[in-house]
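The structure appears right after this line, and notes come after that.
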Amino acid sequence: MQSEGSLSYDAERGMWQVVSPASVYPRDYISGLKINYVSAYQVTIDTGVCRSDDNTEVIEVATSITLDITASGAGGLDTGAEAADTWYYVWLIKNSSTGDVSGVFSTSSSAPTLPEGYDKKRLLGAVRNDSDGDFLKFYTNILAGGRALMFLYDLGHKVLDRGQATSWTVVDCSNFVPENVSLVRLIAHVHAAVADTICYALLRTVGSSGTLAYDINILTMRSDASADHTQAVAGLFDFAGQRSFEYIQSNSWTTVSVAGFIFER
């Protein structure tokens, strides 16, 4: 049953008025609605509430929702057949006439194909199908009052293996970073390749000018006589909405893995 709103007393006008459910929450509001990995083909959406992406409707999940990518329509894939090596965006959807709430997977991060009767939506996150057509395992934490969801992989996924580029070189991360993401959690390892010398590696935003605001000196160290030093660092890196970074190194082998990302909802 669709909610018709609630009564609110307007002291200035000295009258009661009906307040629509959407006006109870501020613009772009979202709380809860965490996405959880269940299996190679299923996720759940936790309980919570949000405004639709056009801010005209409240969408509330009173009982967790299971989405199955092997199904079609509400509760499954919005259109087409499941594909390997593909990002699927998780949408919460609502039929504003009946009040029914469900979810869909879609390859679109902006315009999913809505099942018949569903007319309101909100983007919640993204999951990746690997080369076998199975979801990469992940877990999530809610950040920033609900507006951001930190996706963390069980294991870091390697995007650079013992790289030795001596000029700025682009590293593609699109297999592990979805669209519209800026902050990505990286784990970098630098192993000395030359004995008794200074070794370092730098990462930067693709296309940046090389200023200190964008360059990150990941690791600098002095190797010993056996060149047997390895150092590691993990942290959030600003991809500036791109899905790759540039790196350069000196006297080292550099390995970088994607360990997660922050998804703004």
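The values are calculated or read from the model by the stated rules, or taken from the named source; none is laboratory data. The structure displayed is predicted, hence computed values, not measured ones. All Cβ positions, glycine included, derive from the backbone under ideal geometry; neighbour counts span all protein chains shown.
LEU114 satisfies every condition listed in (1) surrounded by 15 or more Cβ atoms within 10 Å (Cβ to Cβ); (2) closer than 16 Å to PHE263 by Cβ; (3) not acidic (Asp, Glu) except (2).
Tell me which residues, restricted to the stretch 135-147, are in contact with a Phe, Trp or Tyr (Cβ under 7 Å, 6 or more places away or on another chain) and assigned to a loop (DSSP other than H, G, I, E, B). Those that are in contact with a Phe, Trp or Tyr (Cβ under 7 Å, 6 or more places away or on another chain) and assigned to a loop (DSSP other than H, G, I, E, B): LEU136, LYS137. Could you check, for the stretch 68-77, whether at least one of its residues is of a type in the set (Val, Ile, Thr), in the same structural domain as ASP119 (by TED's automatic domain parsing) and touching a Ser or Thr at 6+ places or on another chain (Cβ under 6 Å)? No, that holds for no residue. Just a yes or no: is a residue in the stretch 15-27 basic (Lys, Arg), farther than 17 Å from VAL104 by Cβ, at pLDDT 95 or above and out of contact with any helix residue (DSSP H, G or I) (no Cβ under 7 Å at 6 or more places or on another chain)? No - not one qualifying residue is present in the stretch 15-27. Mind checking whether some residue in the stretch 61-76 is out of contact with any strand residue (DSSP E or B) (no Cβ under 7 Å at 6 or more places or on another chain), of a type in the set (Ser, Thr, Tyr) and farther than 28 Å from SER174 by Cβ? For the stretch 61-76, residues out of contact with any strand residue (DSSP E or B) (no Cβ under 7 Å at 6 or more places or on another chain), of a type in the set (Ser, Thr, Tyr) and farther than 28 Å from SER174 by Cβ: present.
Within the stretch 162-175, does at least one residue satisfy the condition of being surrounded by 20 or more Cβ atoms within 10 Å (Cβ to Cβ) and in the same structural domain as VAL206 (by TED's automatic domain parsing)?
Yes, some residue in the stretch 162-175 is surrounded by 20 or more Cβ atoms within 10 Å (Cβ to Cβ) and in the same structural domain as VAL206 (by TED's automatic domain parsing).
Here ASP154 meets the list (1) touching a residue at least 40 places away in the same chain (Cβ under 8 Å); (2) within 13 Å of GLY260 (Cα to Cα) almost entirely, failing just condition (1).
Checking the conditions here, which among ASP85, ASP28, ASP53, ASP78 is among the acidic types (Asp, Glu) and more than 23 Å from VAL177 (Cα to Cα)? After applying the criteria, what remains is ASP28.
Is the stretch 156-164 home to any residue that is small (Gly, Ala, Ser) and either over 16 Å from the mean Cα position of the chain (by Cα) or not in a strand (DSSP E or B) (or both)? Yes, that holds for at least one residue.
Could you check the stretch 117-151 and list, in sequence order, the residues that are exposed (fewer than 14 other Cβ atoms within 10 Å of the Cβ), closer than 21 Å to ASP78 by Cα and of a type outside the set (D, E, K, R)? Answer for the stretch 117-151, where residues must be exposed (fewer than 14 other Cβ atoms within 10 Å of the Cβ), closer than 21 Å to ASP78 by Cα and of a type outside the set (D, E, K, R): GLY117, SER131. All told, ALA40 meets the bar of being modelled with pLDDT of 95 or more and more than 14 Å from LEU114 (Cβ to Cβ).
Results for (1) in a strand (DSSP E or B); (2) at pLDDT below 95; (3) not aromatic (Phe, Trp, Tyr), shown as yes or no for each residue.
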{"site": "THR98", "(1), (2), (3)": "no, no, yes"}
{"site": "VAL104", "(1), (2), (3)": "yes, no, yes"}
{"site": "SER109", "(1), (2), (3)": "no, no, yes"}
{"site": "PRO115", "(1), (2), (3)": "no, no, yes"}
{"site": "ARG122", "(1), (2), (3)": "yes, no, yes"}
{"site": "GLY125", "(1), (2), (3)": "yes, no, yes"}
{"site": "LEU149", "(1), (2), (3)": "yes, yes, yes"}
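Within the stretch 176-212, the set of residues being surrounded by fewer than 17 Cβ atoms within 10 Å (Cβ to Cβ), within 30 Å of VAL127 (Cα to Cα) and of a type in the set (D, E, K, R) comprises GLU179 only.
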